[in-house]
Structure formats: structure tokens, C-alpha cells
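The values are calculated or read from the model by the stated rules, or taken from the named source; none is laboratory data. Remember, it's a predicted structure, so these values are computed and weren't measured experimentally. Cβ coordinates were reconstructed from backbone atoms using ideal geometry, including for glycine residues, and neighbour counts include every protein chain displayed. Side chains included, ligands, DNA and RNA excluded: accessible areas come from the protein's heavy atoms. Shrake-Rupley method; radii C 1.70, N 1.55, O 1.52, S 1.80 Å.
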Amino acid sequence: MSTFESAITEDVSDHTSDDSIPVPLVALQPGEVLLVNDNMNKIDDLCNETRCCRKKSELIKKYFQKWSGQHKSNESSIQFIEYIITFVGTFIGLGIISVVHYRILAEHDLTFLLGSFGASCVLLFAAPSSPLAQPRNAVFGQLIGATVGCIVRIIFDYIHEQFIAATLSVAISILIMQLTNTLHAPGGATALNMIMTNTTYPWYGFQYILMPTLSGTIILIIVAVIINNLSSKRHYPVAWW
């Protein structure tokens, strides 16, 4: 091989070493090197596609990293897209619960919709970085409110003093949430809801602890994780536990 041919071959090797993609070369003849232009174009296209795949992979990875719960809360000013995210998240989350309630369970005299879910939507979708909006607070706050409400209802049904039951259930629920560091404002509303609900079911409404309280809260959290992280300004949850 001549010096000229060696120089060209090395130049081609240098050109392709960065992307580790072999360049198809026609067998060398004395005095000539054939490098087909359209093959080079195909190689460039392949390189571009590889770079695009890497960028997409990085974007997907960054999106799911937001689910890890290891982020600092974002206190920057709210942009218009944030209002859209809040609207969409609330519409989908509460929409799923409402469809189950009105289309499936209502005809069987069962409920899947609580007024406190509206308050949960405010925290989960409008203030997702708030400590009160984190999954641990949402789940245990709602469970505490529902459980305390049912227990207080049993006690005060025998002495027929519902006004004491209403105030005491909320006060006890808040106290327990503070002691367990699971404060979730809608949990107080759930406790009150247990007192006000006129249920004909046995166990004084204890079924409400699992359905709709726990199941509905889990649905809202799942939707919040999916929808909130679509925004580059949001990381939800800030912490799972």
C-alpha cells in the first residue's frame, strides 16, 4: 500500500472512531481509494439516530427519577403550565373516583366519593411540594380521620350527642396526625364526614375506612405521581415516607 493510500485510510479511521461505526470501504487498488458518498450519508444518519435515541433515553430516565422522592421542594414562581397541570390532574383523579361512584356503586347504595377528596386534590395537584401533600401524610392522615370518626360515632350514638361527636372526632384526628407526623388537612374533613354520614350498614360505617377512604386516596396519589411529574418544575413526591 502506498503512502497516499495509508494516509487516506488513517483519516477515514479517525473520522469514524468517535462513533465506533465501521465505514464500508471498497477493496483498495493501487493508486485509488473508493469511498462511496451515499454510504457516508447513511452512516451520518445512523449517528444522528443514535444520538436521538440517547437523548430520548435520558429524558425518560430523568422523568422516572422524579418518582424516587429524593428532591428538594421547588419554590419558584408559578408558570401558566402549572395551572394546566393542576386542572388536568384534578379532573382525571376526581373524575375516576366520580365515575366509579355514580356509574358503578351508586345503584348498589355504595359510595366511593368523599367531600374530603376535593381538599386532597388541592394539596396533591396545586401544592405538590407541601409536606401535607406527600403520600405518607395523605394515606395515614385520611385513615386516621376515618378510623377516629367511626369510633367516636359508635360511642356517641349511645348518648345521642352528635355535636360533641363532630367536634371531638376532628380534634382527636388532628392530635393523632400531629403526634405521628402525618398531618393531612382533608383527614379532618374525613373524620367529620364519618359522623355526618347516615349509614344503614353494620359496624357503623367502618367499611368507609377501606372504601372509599383508602382506595380513593390511593387513586389520587397514583394520578398525582403521573401528572405532576409531566411538568419540569414539579417533583412529586418530595418523599415517599
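Some notes on this structure:
- Applying the condition of being under 18 Å from ALA189 (Cβ atoms) and not basic (Lys, Arg) to region 153-163 and asking which residue is surrounded by the fewest Cβ atoms within 10 Å (Cβ to Cβ) yields PHE163.
- Among (1) in contact with a helix residue (DSSP H, G or I) (Cβ under 6 Å, 6 or more places away or on another chain); (2) open to solvent by 10 Å² or more (accessible area, probe 1.4 Å); (3) within 30 Å of ALA239 (Cα to Cα), the one test that ALA166 misses: (3)
- Close Cβ contacts (under 7 Å, 6 or more residues apart or on different chains) running from residues in region 151-163 that are under 12 Å from MET194 (Cα atoms) and of a type in the set (A, V, I, L, M) to residues that are open to solvent by 70 Å² or more (accessible area, probe 1.4 Å) and in a helix (DSSP H, G or I) comprise ILE154/TYR204.
Table: residues versus (1) on the phi < 0 side of the Ramachandran plot; (2) in contact with a Gly (Cβ under 7 Å, 6 or more places away or on another chain); (3) open to solvent by less than 70 Å² (accessible area, probe 1.4 Å).
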| position | (1), (2), (3) |
| --- | --- |
| LEU114 | yes, yes, yes |
| PHE117 | yes, yes, yes |
| ALA127 | yes, no, yes |
| GLN178 | yes, no, no |
| LEU183 | yes, yes, yes |
| GLY188 | yes, yes, yes |
| PHE206 | yes, no, yes |
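- Inclusion of GLY216 among residues that are in contact with a Gly (Cβ under 7 Å, 6 or more places away or on another chain), closer than 22 Å to LEU113 by Cβ and assigned to a helix (DSSP H, G or I) is not warranted.
- Scanning region 211-234 for residues that are open to solvent by 10 Å² or more (accessible area, probe 1.4 Å) and at pLDDT 90 or above gives LEU214, SER215, ILE218, ILE219, ILE221, ILE222, VAL223, ILE226, ILE227, LEU230.
- Qualifying residue in region 6-25 (condition: loosely packed, with under 11 Cβ neighbours inside 10 Å, under 30 Å from SER129 (Cα atoms) and modelled with pLDDT of 50 or more): no
- Residues (in contact (Cβ under 8 Å) with a residue 60 or more places away in the chain and assigned to a loop (DSSP other than H, G, I, E, B)) located in region 219-241: ASN229, LEU230, SER231, LYS233, ARG234, HIS235, TYR236, PRO237, VAL238, ALA239, TRP240, TRP241
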